[in-house]
Structure formats: structure tokens, C-alpha cells
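Have a look at the structure below, then the notes.
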Amino acid sequence: MSRPLQIGFAGLAHSHPYSDAENALAVGAEIVGVADPDPRRRAEFAHRFGCPQRDSLAALCARRPDLIIATPHLDDVPRTAALLAASGAPVFFNKVIAANRRQLEAWDEAVDGVPSSLIGTSSVLRFAPAVQELRRATADAEILGIRVIAQHDNALFRSAGREWQDDPTVGGGTLVTVGVHAWEMVDVLLPGAVLTGSTGWVRRRAGSPTRSEDAAAVSGTLSLPGGGAVPVEAWVTGVPGPDRYAIEALTADGVAAADIGRDADADEAMGFAGLIRELAAAAREGRLPVDGAQSRTVVANTIRAAEIARGTGAS
């Protein structure tokens, strides 16, 4: 019998690595270490998942894991990417790797020269069964337009230790932290499509404590890699209430949709479990399940949409 897949965790800046660790153990992987600058957080994770603590990224890499799952604070993403890329193992970054153009440029510099099959990111929604089923259903269809919504209560991004996620200048705020899920779903249906000319808006509810926005929308055009364009409308919201992620594709044959709502089992239906299954399978082949160049397009679209909605970039 082959040995278990060995996974290292680099950074615990938000909740996703905890879900990842649970799902990794569920598929029989071994967690060979966790590194995080916060000793208390690192120790709690190590105790919870029965893994060793590593006092640095170098020490984690020295264990030679088959896969590294990275979740650093956004300010530390470039340094983390450069250090982990040198390990030679596939390195997956939980969302998000950049909240603005400056951070995306820093990411590009950090991974320059690294094979795109070895370092990248993705939203879990890419691996949601309903989204994948919609991809299969529309694979041969002529898509005439897309409408997408991503809703996640932004109160979680204001909780202790995670306030940076609600800051548009640091973590991206609602339009980036939630919006990346919308643009990930779009990319599943139209791989490599680039958001171009668009208009948008943002709103905050009366008395809202958010530093970013409670609701936003963008209407624009997706330029396709092979030529042509598809209209897109995206709503991104952080209002109180349950999560909802939905995408509709208007095709020449009718409307096809995927809708993940309040009754969904988040772990399976939202793609958390599917992400780890795909990461594990790809890591055994020495790669990531989504090429880094493709995942960068999603990040760039997310940033572009945020600029348009907020009026901070040219339309």
C-alpha cells in the first residue's frame, strides 16, 4: 500500500485551512506540520489535528510534504509564495492572493519562473458539485449571457483577528473576499474569459459597520480567449443571513443554472470537500488541479470588478 499523502499547512490567517485539514484527514492524508507566526494559533491547530508544529516556513519545507496549503495574511503572500515555491512541491493558496493590482503585481514577481502547474489558488466554488454539473451541461452549448450571485455575511470578516479581510485596502472587503467566488464560477463555464468594459455600483446599509460594502454589482462583458464576447452580470453581497451562490447561463437552448443556498451542506455542496479530493489527486501527480495562469485570471477579474463597482478604476 502506498504511503498517505503528506500535507503541510503554511499560515492560518482565516477559516479555510481548518476545513481543509478536516477534509484532508477524511481522505486519509497525513498532516506533517503547520507553520504560522501566531504561536497560540499554531499550537491550537497542531493539537486539534494531531500534527507537529514547525517554527518557520523553511522548517515546514524541510519535511518535504507532497502538497502545501498556504493561507497567509495578504501582506505576507509574496514572501510566502517565494519561499514555498522553492520546495518543489505543489503549493495551493486559499483565497485570496491579492486584493488590488499592487498586490497582484507582487504575486506575479514572487512566482515569476515557477511552473504554473505548481503554484496557484482557487475558490472552493470551482469544485462545488452543482457548478461542475452545470459545466458539463453547458459544455457544448452556445452561452449568450451569464448572471451570477455570491452572498456571504460579511460579519465574519469583522470578527476578532480577521478584521483585515473587511478592509478594501488590505484584504479586499466584500467585493474581493466574497466576489472571488462569483468570478470563479464564471471561469468554470467560460475558462479564461476576461472582464472588460463594465459599469457597477456599491451600497452600504444604514448603520453598517463594514469598512467595505454590503452589496455591489457589475454589468459588463467577458472577452473569450478564442474570440467573441459574452455579457455578464454579477451581484456580490455581504448582508446578514445565509450564504447563497448561484449562476445562470442563458444558452441558445434555454436557461441552465446552479444554485447553492441555505439548505446546502457547506462542506460538500460548496466544494470544500471536492477541493481537497482534487488537490490530493493532483498532488500525487506533482501538480495542482487548476493551472496557476488560469487561477490568476479569476483573481484579476475579481480585482477589476471591485475597481469598477467602487469607481476606483477606469471602466
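Under a model in which nothing but the beta-carbon of Lys, Arg (+1) and Asp, Glu (-1) is charged, the range 6-121 shows a dipole of about 180 debye around its Cα centre.
Look at the dipole of the range 226-315 built from charges on Cβ: of Val298, Ala246, Ala256, the Cα furthest out on the positive end belongs to Val298. Net charge in the neighbourhood of Gly197 (other residues with Cβ under 14 Å of its Cβ; Lys, Arg +1, Asp, Glu -1) is -1. Annotation: the residues Cys51, Cys61, sorted from fewest to most other C-beta atoms within 10 Å of their own C-beta, follow the order Cys51, Cys61. Would you indicate which of (1) 69, 42, 35; (2) 51, 46, 41; (3) 66, 45, 42 is the value of Cα extents along the principal axes in Å derived from the coordinates of this structure? It is the value labelled (2).
Dividing the helix sum by the residues of the chain, where each DSSP H run of 4 or more adds -39500 (n - 2.57), gives a mean residue ellipticity at 222 nm of -10000 deg cm²/dmol. DSSP beta bridges confined to the chain are antiparallel in about 60 percent of cases. Among Val131, Val34, Ser2, whose Cα lies farthest out toward the positive end of the dipole of the chain, if unit charges sit on the beta carbon of Lys, Arg (+1) and Asp, Glu (-1)? It is Val34.
Our coupling estimate for the range 225-233, obtained by passing each phi through the Karplus curve with A = 6.51, B = -1.76, C = 1.60 and θ = phi - 60°, is x, x, x, x, 8, 10, x, 9, 10 Hz, Gly and Pro reported as x.
Taking 0.36 nm per residue of separation and subtracting the current Cα-Cα distance, fully stretching the chain between Asp253 and Tyr18 would add 80.5 nm. Counting only Cβ charges, +1 for Lys and Arg and -1 for Asp and Glu, the dipole size of the chain around its Cα centre is about 540 debye. Write out the trypsin sites (Lys or Arg not before Pro) in the range 191-281 meeting two conditions: DSSP loop, and at most 13 other Cβ atoms within 10 Å of their Cβ. Hits after loop and neighbour filter: Arg205, Arg262.
A simple rule links phi to the HN-Hα coupling: the Karplus curve 6.51 cos²θ - 1.76 cosθ + 1.60 with θ = phi - 60°, which for the range 139-151 gives 4, 10, 8, 8, 8, 9, x, 9, 10, 9, 9, 10, 10 Hz, with x for Gly and Pro.
Fewest neighbouring Cβ atoms within 10 Å first, the residues Ser219, Ser295 line up as Ser219, Ser295.
Just so you know, all these numbers are worked out from the coordinates, no wet-lab data involved. Being a predicted model, the structure only gives us computed values, none of them experimental. Here Cβ is always computed from backbone atoms with ideal geometry, including for glycine, and neighbour counts include all displayed protein chains.
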